[in-house]
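Asker: Below is one structure. I have some questions about it.
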Amino acid sequence: MNFEKAHFEQFFHTNRIGSFAIANDESKLIYMSDITGEPNLWAIDLKESTTPYLFAKYDESVSFIKISPNSDYVLVGFDRDGNENTQIYALPIYGGYPTPLVTGDASEKFYFADLSEDGNRLYYTTSLANPNFLNTHVRDLETGKDTLLEKGQEAPTYLTAVSRDEALFIYTKLYSNTHQKAFLKVEDEMIPLLPEDAKPPYTISGTTITESNMIYFVTDYQSEQAYLVRYDLASRQSETVLSFRDESITEVSWHEESETFILATTAGVTDNLYRFNPETREVEELVSPVHVLQEIKIAKNGTIYLSGSSAVMPVNIFRSVDGVHWESLTENRVLGIDSTEMVEPETIKFNSFDELEIEALLFRATEDNANGYTIFWPHGGPQAAERQNFRALFQALLYSGYNIFAPNFRGSTGYGKTFATLVEQDWGNAPRLDNVASIEWLFKQGIASKDSLFLVGGSYGGYMSLLLHGRHPDYFRAVVDLFGPSNLFSFYESVPPHWKPIMKLWLGDPNQDKEKFIEDSPITYLDQMTKPMLVVQGAQDPRVVKKESDQIVEKLKEKQRDITYLVLENEGHGFAKKENEIAVS
């Protein structure tokens, strides 16, 4: 029998899989998925079957899932229509409708930090009463008593680790994406984990307190790559216990029973997976079932659970006893499309305008499908990267015949600390010229031409799409902006309160750097924006508020430009609802 070619929409009938949790006895896996089109909680009773079932219905994005130590209840974080104001809810272990637990006004945020070993005390960080710098509380779940533990000062302050005896606490202060400080609190004393006079930029993440009260953390202090450090409280001395030459440690998961770490590293567009014993310093490279890791959990018996994806495989959840042989617990796949019909990217390297090396992913449509057009995709962040993870949009466009080119311009992560900082206070000049150099490379290679290139980007990528349209309009056929800032002055003022302390380091000062803000704002170049445009905006977006799209659309309509504006009333910064993602695509 002959069947018609697959439909474009089929690629979007994959399931988004987000946070997941494993019960201590490994009886239950609970994870976020949009199997029904809306994000909800699903579960698998691992000792009985591999069939997932609806565990909790709330139709909102999930930020975390925590199963209590005795598996008698579940904690989960939900926002509302993508507003990113996480609030904490509780569920019985058999599921149902969530019950508000630590919640407040819709504008407030309540971030899960930790749960005591007996499951009776919940630690959380909140914007309540301190929207810029945040406060940390502990809630007694038996009595309902709520106690303020720490008031954030100077920068947004998060509780990132609690010792099992609840006597030691680690707080991390976020000054910018590339500048963090961490402090160990012992009674009333705050002990910095790095020297007080340590000069930024450096990051601190992966804070861990073992049962023996040994402290570990990941940092890139005085290094291009992030490495693992052990801090001894008794001597107040630290030492590097693991580093890689060309890989940054991005995630660590401590297994108390074997006293080992399972850790992930990033090297450009892919991740690697290792087991590490900090006492013997033995490093074992494991076999990852995915190219890009999303989350890692370790059961008490040492079984590894992880989620992640590859360019031709949507996110799935896997488990392994030995870190080599993996079992897929979910069967998330593209509707009616085999992975052999999808496209793996080529990794490309070339020199930018100032000879700085840039890495990019080039997806080539197959000869049978190729239509001669190319999509140029500047990624979001900006301190992020385009990697070999699954994007339904990419594979749908490739199947429809479009090539896709995604450069990791300066400011991207995965290429060392210095490279990531090059976008700070320079959003619109050198990164823009990297993108121009990328486009010119495409032209020189004969992959694209000015008449065959489409510009599409989201978030910072949307900002870059607008800026490239305004400053280099002859390079493109048409432009799509997905929730990108259009005016750096209004963007600076409209970000969430806990972002405001980092904006000067990240973007610059609108008063001191007024001329730079004007030069780097897309809205400055309205007269040059002559190509057809589609602008998409989430009405509930807390990061890039609707005004950012409203103002540029209004001004371009006044100039009678060819522009279509799509506002998604029940979305924030991105797509949480399947129907919206399909409608936009």
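Asker: How far apart, in nm, are the 7 Å Cα→Cβ label points at SER27 and PHE443?
Answerer: Using points 7 Å along Cα→Cβ, the separation is 6.5 nm.
Asker: Which shape class, rounded, prolate or oblate, goes with region 419-509 when its Cα gyration tensor gives a ≥ b ≥ c as root eigenvalues, a/c under 1.5 marks rounded, and past that a/b bigger than b/c marks prolate?
Answerer: The shape class here is prolate.
Asker: On to the next question. Quick one: which of 97-105, 225-233 comes out on top by average Cβ neighbours within 10 Å, and what's the full order, highest first?
Answerer: 225-233, 97-105
Asker: Could you give the length gained on full extension between VAL324 and GLU519, defined as 0.36 nm per residue of separation minus the Cα-Cα distance, in nm?
Answerer: Difference between extended and current length: 65.0 nm.
Asker: Which residues in region 403-429 have a backbone N closer than 19 Å to a point placed 7 Å from the Cα of GLN512 along the Cα-to-Cβ line?
Answerer: Residues 421-429 qualify, since their backbone N sits under 19 Å from the label point.
Asker: Over all directions, average the projected area of the Cα convex hull of region 237-305 and note it in nm².
Answerer: Mean orientational projected area (region 237-305, Cα hull): 5.1 nm².
Asker: Apply the Karplus parameterisation 6.51 cos²θ - 1.76 cosθ + 1.60, with θ equal to phi minus 60°, to every residue of region 154-169 and state each ³J(HN,Hα) to the nearest whole Hz, in sequence, with x for glycine and proline.
Answerer: Those phi angles translate into 6, 8, x, 10, 10, 7, 10, 7, 9, 6, 4, 8, 6, 9, 10, 9 Hz.
Asker: By how many nm would the segment from GLU355 to LEU526 lengthen if fully extended, with 0.36 nm per residue of separation less the alpha-carbon distance?
Answerer: 58.5 nm
Asker: Can you give me the C-alpha center-to-center distance between region 149-204 and region 345-422, rounded to a whole angstrom?
Answerer: Centre-to-centre (Cα) distance: 35 Å.
Asker: Taking a quarter of the surface of the convex hull around the Cα atoms of region 278-436, what do you get in nm²?
Answerer: Taking a quarter of the hull surface, the average projection is 12.4 nm².
Asker: For a label point 7 angstrom out from the Cα of PHE8 toward its Cβ, which stretches of region 393-409 have the backbone nitrogen within less than 16 Å?
Answerer: 393-404
Asker: Using the membrane-span-like helix rule (whole DSSP H runs, Cα extent along the own axis of at least 20 Å, mean Kyte-Doolittle hydropathy at least -1.0), which helices of the chain qualify?
Answerer: Qualifying helices: 430-444.
Asker: For region 240-372, place one equal point scatterer on every Cα, skip the solvent, and apply the Debye formula. What is log10 of I(q)/I(0) at q = 0.10, 0.13, 0.21 Å⁻¹?
Answerer: Normalising to I(0) and taking log10 leaves -0.44, -0.69, -1.24.
Asker: Okay, moving on. Just the number, please: carbon plus sulfur as a percent of the accessible area of the chain, 1.4 Å probe, no ligands or DNA/RNA counted.
Answerer: 47 percent
Asker: While we're here: Dimensions of the chain along principal axes (Cα, Å, largest first)?
Answerer: Computed over the chain, the largest-to-smallest principal extents equal 68, 64, 47 Å.
Asker: Sticking with this one: Using each residue's phi in region 278-295, evaluate 6.51 cos²θ - 1.76 cosθ + 1.60 at θ = phi - 60° and report the 3J(HN,Hα) Karplus result to the nearest Hz, with x for Gly and Pro.
Answerer: Whole-Hz 3J(HN,Hα) from phi for region 278-295: x, 7, 8, 6, 6, 10, 10, 6, 9, 9, 7, x, 9, 8, 10, 7, 10, 7.
Asker: Given H placed on each backbone N at 1.01 Å, which residues far from ILE35 in sequence or on other chains put an amide H within less than 5 Å of it?
Answerer: Here the answer is ASN40, since their amide H atoms fall under 5 Å of that of ILE35.
Asker: Of SER494, VAL553, ILE93, which is farthest towards the positive pole of the chain's charge dipole, taken about the Cα centre with +1 and -1 on the beta-carbons of Lys, Arg and Asp, Glu respectively?
Answerer: Projecting each Cα onto the dipole axis, the largest value belongs to VAL553.
Asker: Going down the list LYS5/LYS557; LYS109/LYS546; LYS173/LYS555; LYS417/LYS450; LYS199/LYS504, which pairs span over 28 Å between their C-alpha atoms?
Answerer: Checking Cα-Cα distances, LYS5/LYS557; LYS173/LYS555; LYS417/LYS450 exceed 28 Å.
Asker: Hey, what did region 344-584 get for relative contact order, percent, Cα under 8 Å, at least 6 apart?
Answerer: Relative contact order for region 344-584 comes out at 16 percent.
Asker: Anything over 27 Å Cα to Cα? Flag those among LYS181/LYS514; LYS181/LYS547; LYS28/LYS57; LYS151/LYS300; LYS349/LYS516; LYS444/LYS514, in the order listed.
Answerer: Too far apart for the 27 Å limit: LYS181/LYS514; LYS181/LYS547; LYS151/LYS300; LYS349/LYS516; LYS444/LYS514.
Asker: Still on this model: Within a Cβ distance under 9 Å of ASP25, other residues only, what is the Lys/Arg minus Asp/Glu net charge?
Answerer: +2
Asker: Which part of region 198-236 falls in the paramagnetic zone of ASP165, meaning amide N under 19 Å from the point 7 Å along Cα-to-beta-carbon?
Answerer: The answer is 208-216, 231-236, whose backbone nitrogens lie closer than 19 Å to the label point.
Asker: Compare MET533, MET190 by solvent-accessible area with a 1.4 Å probe and give them largest first, with all protein chains kept in place.
Answerer: MET190, MET533
Asker: I would also like to ask the following. In whole angstrom, and with the biggest value first, how far do the Cα coordinates of region 18-153 range along each principal axis?
Answerer: Largest to smallest, the principal-axis extents are 48, 34, 21 Å.
Asker: Taking amide hydrogens as modeled 1.01 Å from N in the peptide plane, which residues meet the under 5 Å criterion relative to LYS57, leaving out close sequence neighbours?
Answerer: GLY96
Asker: Can you give me the accessible area per residue for the chain, using a 1.4 Å probe, in Å²?
Answerer: With all protein chains present, the chain gives 41 Å² per residue.
Asker: Pull out the extension gain between ASN371 and ASN70, defined as 0.36 nm times the separation in residues minus the alpha carbon to alpha carbon distance; nm, one decimal.
Answerer: Gain in length upon complete extension: 102.7 nm.
Asker: How big is the charge dipole of region 112-179 about its Cα centre, in debye rounded to the nearest 20, if each Lys and Arg gets +1 on its Cβ and each Asp and Glu gets -1 on its Cβ?
Answerer: In total the dipole reaches around 260 debye.
Asker: How are the C-alpha pair distances of region 344-584 spread across 5 Å bins, as whole percents from the shortest bin up?
Answerer: Percent of Cα pairs in each bin: 1, 6, 14, 19, 20, 18, 13, 6, 2, 0, 0.
Asker: Pairs of Cα atoms under 8 Å, at least six residues apart: use those to get the relative contact order of the chain, whole percent.
Answerer: 10 percent
Asker: What FRET efficiency do you get for THR50 and GLN425 if R0 is 45 Å and r is their Cβ-Cβ distance, rounded to the nearest 0.05?
Answerer: 0.35
Asker: Report the one residue of ILE358, GLY381, PRO473 whose Cα lies farthest in the direction of the positive end of the charge dipole of region 344-584 (charges on C-beta: Lys and Arg +1, Asp and Glu -1; origin at the Cα centre).
Answerer: About the Cα centre, the residue reaching furthest to the positive side is GLY381.
Asker: Taking square-rooted eigenvalues a ≥ b ≥ c of the alpha carbon gyration tensor, is region 120-238 rounded, prolate or oblate, where a/c under 1.5 means rounded and, failing that, a/b exceeding b/c means prolate?
Answerer: oblate
Asker: Continuing with this model, one more query. What size of dipole, in debye to the nearest 20, comes out for the chain about its Cα centre when the only charges are +1 on Lys and Arg C-beta atoms and -1 on Asp and Glu C-beta atoms?
Answerer: Approximately 1140 debye in magnitude.
Asker: Right, another one. At what distance in angstrom do the alpha carbon centres of region 22-75 and region 517-535 lie from each other?
Answerer: 45 Å
Asker: Charges on Cβ only, +1 for Lys and Arg, -1 for Asp and Glu, centred on the Cα centroid of the chain; of GLN294, ASN132, PHE112, which one is farthest towards the dipole's positive end?
Answerer: Comparing the listed Cα positions along the dipole, ASN132 ranks first.
The values are calculated or read from the model by the stated rules, or taken from the named source; none is laboratory data. Just so it is clear, the model here is predicted, and its values are computed rather than measured. Virtual Cβ from ideal backbone geometry, glycine too; neighbours counted across all protein chains shown. Heavy atoms of the whole protein, side chains included, go into the accessibility calculation; ligands, DNA and RNA do not. Shrake-Rupley method; radii C 1.70, N 1.55, O 1.52, S 1.80 Å.
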